[in-house]
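To keep things clear, I will list the structure first and then write my remarks on it.
The values are calculated or read from the model by the stated rules, or taken from the named source; none is laboratory data. Note that the structure is predicted; figures quoted are calculated from it, not measured. Reconstructed Cβ throughout: ideal geometry from the backbone, glycine too, with neighbour counts over all protein chains shown.
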Amino acid sequence: MRSLFVVLAWLCCGVAFAQGAEPIWPTQGWQTSIPEEQGMDSATLAGLVAFGKMRSFDSVLLVRHGRIVLETYYAPYSGGTPHAINSATKSVMGSLIGIALKDGLLDRLDRPLLDFFRDRPIGNVDERKKAITIQHLLDMTSGIDWHEPLTGRPETFFEMMHSPDWIGFTLDRPMSNAPGETFNYNTGTSQLLSAIITKLTGMNARDYAQARLFTPLGISTANWPLDSQGHATGGFGMAMLPRDMAKIGYLYLRNGAWEDKRILSPAWIDKVSHATVDMKLPGAPDLRYSNSFWALPNKQVYMAVGYHCQLIMVFHELDIVAVTTARDFCPFGTLADLVSRAVKSETALPPDTAGADLLALAIRHAAGEKPAEAGSTNLR
């Protein structure tokens, strides 16, 4: 009878997925599941955990169908400690612009940048600078002269950091290109977005995020510093728990809705998920950018990206959010493939005791615990 009950339970679970179950909302906390219940293979995920150990991950977390199916913390890191997400902060900052747009505080994304700073003198103003819009800031196509290569020393970023006024420093920069002409990574433009949120809302971006993003999603911890002018650091500096990072991704996975609230418009999510701005990165010709998110269209994934592989990856077609925190770089395409390969079905799979044992062994190995009986299994 017990065996019959287990079989029926698995069948019911599969029927629910096939018919499109109501979304699960993790506002008060995430539900968990074994991978097979969500159509994922535990043995394949063991390889993902081993990959994370090889690439100096601090954590890896996967959500499918609204439930955590994998959560691993690598020694000495633990899940209760906020982790610096570095430039993934930019995606949170961009999301706040999207929320302000949806709330009607911002009328349009083609609004000229200089409209928001009429109260201050600005250097090097020409027709190109006058043409910069909010959308150009979101897409890193402002044309502002800036040297912050993703594969080299970020000279202008360091100059901004040593400036007493980051907003003024960025606004005063000369132009190197016409807006929209080319992608050029620029943390200063994310700082301008932070200042614009303050202009629109009367509060700094950290407080606006708390009111309109973090509290509705039930995000418990989001440490976010301010610059010397009282603006939240728009392009870096935030620290979050991996479980809360996953909520940001889950908001996007659910097309900007959360419970009975509309937080971001479907049009905003659609633009992110169909990113078209060529990042022009040598060795990574497939990378695209939109609204402060990176994308790999050929892998059907987009992501918030922070230095040293702080990632929130969204797989819309697979109904997955993947989160990593790390102390080293990682190949995005390889990681996306490892996640995708673990998906075997849209419905529940039969239990896999051997795969579950292999995954448990990999997780213990990641945490630094010596397995009681490793046998001849090679986790690397």
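Answer yes or no as to whether Gly230 is under 20 Å from Phe214 (Cα atoms), more than 11 Å from the chain's Cα centre (by Cα), surrounded by fewer than 24 Cβ atoms within 10 Å (Cβ to Cβ) and outside the structural domain of Thr325 (by TED's automatic domain parsing). It would help to see each step written out before you state the result.
Values: under 20 Å from Phe214 (Cα atoms): yes; more than 11 Å from the chain's Cα centre (by Cα): yes; surrounded by fewer than 24 Cβ atoms within 10 Å (Cβ to Cβ): yes; outside the structural domain of Thr325 (by TED's automatic domain parsing): yes.
Against the criterion (under 20 Å from Phe214 (Cα atoms), more than 11 Å from the chain's Cα centre (by Cα), surrounded by fewer than 24 Cβ atoms within 10 Å (Cβ to Cβ) and outside the structural domain of Thr325 (by TED's automatic domain parsing)), Gly230 qualifies.
Being surrounded by fewer than 14 Cβ atoms within 10 Å (Cβ to Cβ) and basic (Lys, Arg) is true for just one of Arg212, Arg173, Arg153, Arg128. Which residue is that? Walk me through how you get there before you give the answer.
Details: Arg212 fails: surrounded by fewer than 14 Cβ atoms within 10 Å (Cβ to Cβ); Arg173 fails: surrounded by fewer than 14 Cβ atoms within 10 Å (Cβ to Cβ); Arg128 fails: surrounded by fewer than 14 Cβ atoms within 10 Å (Cβ to Cβ).
Every option except Arg153 fails the conditions.
Would you list the strands (runs of 3 or more DSSP E) that sit entirely within segment 256-336 and hold 2 or more residues that are of a type in the set (Phe, Trp, Tyr)?
Working: elements: 288-290, 293-296, 301-306, 310-315, 320-326.
Result: 293-296.
Just checking, does segment 19-33 include any residue being under 29 Å from Pro351 (Cβ atoms), part of a helix (DSSP H, G or I), at pLDDT below 95 and not assigned by TED's automatic domain parsing to the domain that holds Gln135?
Within segment 19-33, the subset under 29 Å from Pro351 (Cβ atoms) is 19-26, 28-33.
This time we only want the ones that are part of a helix (DSSP H, G or I), so: 19.
Checking which are at pLDDT below 95 leaves us with 19.
Next, only the ones that are not assigned by TED's automatic domain parsing to the domain that holds Gln135 stay: 19.
Checked segment 19-33: at least one residue is under 29 Å from Pro351 (Cβ atoms), part of a helix (DSSP H, G or I), at pLDDT below 95 and not assigned by TED's automatic domain parsing to the domain that holds Gln135.
Give the residue, chosen from Ala246, Ala205, that is assigned by TED's automatic domain parsing to the domain that holds Leu281 and crowded, with 19+ Cβ neighbours inside 10 Å. Don't jump to the end; show me each part of the working.
On the way: Ala205 fails: assigned by TED's automatic domain parsing to the domain that holds Leu281.
Sole residue among the options that is assigned by TED's automatic domain parsing to the domain that holds Leu281 and crowded, with 19+ Cβ neighbours inside 10 Å: Ala246.
Please identify the pairs in which a residue from segment 152-174 that is in contact (Cβ under 8 Å) with a residue 60 or more places away in the chain has its Cβ atom under 6 Å from the Cβ atom of a residue that is among the charged types (D, E, K, R), counting only partners at least 6 apart or on another chain.
Trp166/Asp227
Let me confirm something: among Pro35, Pro76, Pro112, which residue is closer than 25 Å to Cys330 by Cα and touching a Ser or Thr at 6+ places or on another chain (Cβ under 8 Å)? Steps first, please.
Details: Pro76 fails: touching a Ser or Thr at 6+ places or on another chain (Cβ under 8 Å); Pro112 fails: closer than 25 Å to Cys330 by Cα.
The unique qualifying residue is Pro35.
Here are some residues: Ser340, Ser290. Which one is more than 14 Å from the chain's Cα centre (by Cα), within 29 Å of Thr276 (Cβ to Cβ) and at pLDDT 95 or above? Write out each step before concluding.
Working: Ser290 fails: more than 14 Å from the chain's Cα centre (by Cα).
Step by step, each of Ser340, Ser290 is checked, and only Ser340 is more than 14 Å from the chain's Cα centre (by Cα), within 29 Å of Thr276 (Cβ to Cβ) and at pLDDT 95 or above.
For segment 337-349, how many residues are part of a loop (DSSP other than H, G, I, E, B) and surrounded by fewer than 19 Cβ atoms within 10 Å (Cβ to Cβ)?
Of the residues in that region, 4 qualify.
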